[in-house]
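The values are calculated or read from the model by the stated rules, or taken from the named source; none is laboratory data. Only a predicted model underlies this, so the values are computations on that prediction, with no experimental measurement involved. Cβ coordinates were reconstructed from backbone atoms using ideal geometry, including for glycine residues, and neighbour counts include every protein chain displayed. To get the accessible areas, we keep the full protein, side chains included, count just its heavy atoms, and leave off ligands, DNA and RNA. Shrake-Rupley method; radii C 1.70, N 1.55, O 1.52, S 1.80 Å.
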Amino acid sequence: DIPVWLRPHVYRAWARAFHSNLEEAAFPLEEYASLRDFFVRTLKEGCRPINPNPYSLVSPVDGTILRFGKLNGAGAMIDQVKGFSYSVSSLLGASPLLSMLAEKNTEDDGSTIEQESTQREQSKKSWWRVSLASPKVRETISECPMKGLYYCVIYLKPGDYHRIHSPVDWNVLVRRHFSGRLFPVNERATRTIRNLYVENERVVLEGLWQQGFMAIAAVGATNIGSIELFIEPELRTNRPRKKLIPSEPPEEHLYEPKGVGVMLKKGDEVAAFNMGSTVVLVFQAPTSKSPKNNDASEFEFSIRRGDKIRVGEALGVWHA
């Protein structure tokens, strides 16, 4: 803990060094007992308005856009930097849910897919529900059955707001914790450390939204392995390891009851880094069946590499 009289001086010095906006802090500086408390501070109400467009996917964090694009299936590679790539499966871990949904886009056989009427009368959009106790994916009436797989990588600098929010309305079904390394994730590290995001400690949330698959990977870094998950406060990361190179499989938790999971609304707080790091989104969204077909319903990113983005701002949109 920092003495009360010293707190404003420490936090103002931090803000000057890392370009933090202290006017957004929800409480007076004297109330943050430690640098950790200040680092994961909440913001004043209204500081991060959520894009109201129902056909938008918003940024879950404040940060800098490193990479984004479209993937060719569950086994596709994500570019870290030129010459360094890692697979979706190595980042997220074994993902039968993603594999099943990816197969749905390439197979006409509906043996594992059955239609059911939705019990929710919120809209006529496509909503998904999965039962992890059986190999069935149930789909409600779909307005846009062809889905593409996309990704977006966002880097959080030390001065950024460090809470993670929900990018859409979705059901979180699975949590995986990978107790890996804690390499730095700055620009130099991404250029020199192969498989950086796969090697580092991370927490992966996986589930379903109205357009299909959704996953958020919160990747730790040097001195930043501690990731707090608000929907699972008992989760403990950044624990001492006896082995230098971890070989055990990731710890996995399924949210019950059977496939209902934890429902999060667009903009809800999900997690917090106890220092800066990186978030990787992997998600399905509407896509054209043919590259030559300029389908108005196709998901389109509204960002560019190097853009600064804040929680609630649109990463991309599609049309009904």
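Per-atom-type breakdown for the stretch 1-47 gives carbon and sulfur 57% of the accessible area (1.4 Å probe, protein chains only).
Within 10 Å, count the other beta carbons around each residue, average over each peptide in 208-219, 156-167, 29-40, and list them highest first. Write down the numbers at each step before the final one.
On the way: 208-219: 25.5, 156-167: 22.4, 29-40: 16.2.
In descending order of packing, they fall as 208-219, 156-167, 29-40.
Note on Arg305 and Asn53: their simple-model spin labels are 2.3 nm apart, each label 7 Å out from Cα toward Cβ. You can think of it this way: the chain between Ala94 and Glu30 has 18.5 nm of extra reach, that is 0.36 nm per residue less the Cα-Cα gap.
How much FRET efficiency would the formula 1/(1 + (r/R0)^6) give for Met263 and Leu43, where r is the Cβ-Cβ distance and R0 is 25 Å, rounded to 0.05? Approximately 0.60, to the nearest 0.05. About the centre of its Cα atoms, the stretch 1-47 shows a dipole size close to 180 debye [charges on the beta carbon of Lys, Arg (+1) and Asp, Glu (-1) only; nearest 20 debye].
Fully extending the segment from Ser297 to Ile231, taken as 0.36 nm per residue of separation minus the present Cα-Cα distance, adds 20.5 nm.
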